[in-house]
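To keep things clear, I will list the structure first and then write my remarks on it.
The values are calculated or read from the model by the stated rules, or taken from the named source; none is laboratory data. Treat the numbers as computed from the prediction; the structure is a model and nothing was measured. A quick note on method: Cβ atoms are made from the backbone with ideal geometry, for glycine too, and the neighbour counts reach across all protein chains shown.
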Amino acid sequence: MGKRRRVEERRKKRPAVVGGMIAVVVGGAGFGVYALYGGGAAADDGSTSAAAGQKAPRVRADPPSAAETKTMATRFLTAWQQGKVAQAAASTSDSAAATALLTGYTKDAHITDVTLTAGKAGGAKVPFSVQGTVKYKGVSKPLTYSSALTVVRNSKNGKAQIDWHAAVVHPDLQDGDTLVTGEAGTPPVKAVDRDGGELTAAKYPSLEPVLDGLREKYGKKAGGKAGVELQVVRGKAAKAKKASDKTLLALSKGTPGTVKTTLSPTLQAAAEQQVAKTARASVVVMRPSTGEILAVANTGHGFNTAFNGSLAPGSTMKVITSSLLIEKGLASADKVHPCPKTFTYGGWKFHNDDDFQITGGTFKASFARSCNTAFISQAPDLDDDSLTKQAQQVFGLSMNNWAIGVPSFDGQVPVQSAAQMAASLIGQGGVRMNPLNMASVASTVKAGSFHQPYLVAPSVDDRTVATASRTMSSGTLSQLRELMNYTAAAGTAAEAMAGLGPDYGAKTGSAEVDNQDKPNGWFTAYRGDLAAAGVVQAGGHGGDTAGPIVASLLRLGGG
């Protein structure tokens, strides 16, 4: 009896196994849970486990070694090439997303006979080439392209793995996109410039996303016939960024319909050349009297920042703010206007560049030198929605109703209060623009009224273009032109705009961005019946970076 009791007691003291984990029980209460493998669950703070009496092992956080990088890249690429999807996906940071995309690679994209060849690693990044064949209903075509993967360390267990993004499978994929081969739902288009010359991505690399957008909008209307293609079909995230479906390979081309654009071959070629000289540059040229877009170019060709970017415009926003202040009698071009070193509003202390100040100077002087406090100091006399209404009613912005012929973003000037409202007066806070928007702002000043920009004439598809509900008074418009003219002649834009006068005007801008060493450099200007705006991200002062790009295009004239 005593022996049986001792055995029962020993059994009661054994740890209970719950859901594949061992729960250590002390005094009848659960004290800790430990994994069956890997030496137990490590405490996040590296503290000592009271139950184990030992310090939990630390998770490795050092960069993957060259050996780890090579091992993981080889493991992933080999499994992918052999069609072992589950094994390849298990090597990544998101096995579910990897499984879905790699499965679709064969099932939906119909890509077979894949050969993957790794190149020389650069740190944890491994480039690789892809060779395969796309086969669909008796039609086949070879497919070749280059991609890359990056090996990272899992933050939870310290193991090396592939940092998963859809771009690993193909560089044109964004997360959430898929690859599909089949009869294209949208016929191809042949886009031509204003003179009838064909526009191709080979000739004008910046137009690649524009051409995709033109096909999406006009493919079925232009009278073409669809072919069989391998396409990138955009997911929710990419569509939210206004990205269009993209053809990667045409197995049978189909018959394209023709779409005429407003682009100038001379200005488009020049714009491409200009942005190619500078990293992360974007520019748009348009005609103020009509709204026709004459050129659009970006250094990076994947995302059309010029049309779809959403960036703080910095001091170029002061063109809109100035029109507001003049209308409300809070500023006048030739009247004395305050420009102190700093101004506090809504709990924020606003500064000028290098804390400069202008004593006894005019509003024109403050505008030309881009004095922030000259604008912030007027915030107490403005309503929270004053700038929003001005942008919408006079400049046609921030109403999400532009119809230019391809996807675009028409700016954002939200109603804000306190410090954020003040910041919006100088193009910070919640204000967001792109070069198309700011070229339109300069065009509105030059033309005297808003003309919605467009790339394809509205008459092609009888679409309704956006309009502004009112125009500036002649007095306000005259002063605003005086401000921009003076800035081009003697202000921060003078160096870039040298020799382009007298029928011209400009405004520079620099927009601070969190975790970015240099601000984004902006520039918007007009000359004759041309207007243009550009941004160089992380470029510094707009007059030095975006200014020369814009001025060089205005110098060409006519279009």
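List of remarks:
- Only one entry of LEU230, LEU207 meets the criterion of being at pLDDT 95 or above and touching a strand residue (DSSP E or B) at 6+ places or on another chain (Cβ under 7 Å), and that entry is LEU230.
- In the stretch 160-188, the residues that are touching an Asp or Glu at 6+ places or on another chain (Cβ under 9 Å), polar (S, T, N, Q) and touching a residue at least 60 places away in the same chain (Cβ under 8 Å): THR178, THR181
- Pairs with Cβ under 6 Å, 6+ apart, first in the stretch 61-86 and free of Cβ contacts under 8 Å to residues at least 24 places away in the same chain, second surrounded by 14 or more Cβ atoms within 10 Å (Cβ to Cβ) and not polar (S, T, N, Q): ALA79/ALA88; VAL85/LEU102
- Residue in the stretch 477-495 that is surrounded by the fewest Cβ atoms within 10 Å (Cβ to Cβ), counting only those that are more than 14 Å from CYS371 (Cα to Cα) and either at pLDDT below 95 or hydroxyl-bearing (Ser, Thr, Tyr) (or both): SER478
- Residue in the stretch 304-312 that is in contact with a Pro (Cβ under 8 Å, 6 or more places away or on another chain), closer than 30 Å to GLN378 by Cβ and not acidic (Asp, Glu) present: yes
- Any hit, the stretch 98-114, residues being part of a loop (DSSP other than H, G, I, E, B) and surrounded by fewer than 14 Cβ atoms within 10 Å (Cβ to Cβ): no
- The set of residues in the stretch 172-185 that are of a type in the set (Ser, Thr, Tyr) and crowded, with 22+ Cβ neighbours inside 10 Å contains only THR181.
- Checked against the criterion of being touching a residue at least 24 places away in the same chain (Cβ under 8 Å) and either closer than 25 Å to ASN308 by Cβ or buried (at least 24 other Cβ atoms within 10 Å of the Cβ) (or both), the candidates GLY557, GLY534 yield just one match: GLY534.
- Of the criteria (1) of a type in the set (S, T, N, Q); (2) under 17 Å from VAL415 (Cα atoms); (3) out of contact with any Phe, Trp or Tyr (no Cβ under 6 Å at 6 or more places or on another chain), which one THR321 fails: (3)
- Single condition ALA160 does not satisfy, out of (1) in the same structural domain as ARG234 (by TED's automatic domain parsing); (2) farther than 13 Å from ASP245 by Cα; (3) in contact with a Pro (Cβ under 6 Å, 6 or more places away or on another chain): (1)
- Of all residues in the stretch 115-126, those satisfying the criterion of being touching a residue at least 12 places away in the same chain (Cβ under 8 Å) and in a strand (DSSP E or B) are THR115, LEU116, THR117, ALA118, LYS125, VAL126.
- Counted as qualifying within the stretch 127-185 are the strands (runs of 3 or more DSSP E) with 2 or more residues that are within 23 Å of GLY300 (Cα to Cα) and within 30 Å of the chain's Cα centre (by Cα), namely 139-153, 178-183.
- Checked against (1) under 26 Å from the mean Cα position of the chain (by Cα); (2) more than 30 Å from GLN273 (Cβ to Cβ), GLU208 meets all criteria but (2).
- Qualifying residue in the stretch 517-530 (condition: aliphatic (A, V, I, L, M), under 30 Å from TYR218 (Cα atoms) and touching a strand residue (DSSP E or B) at 6+ places or on another chain (Cβ under 9 Å)): yes
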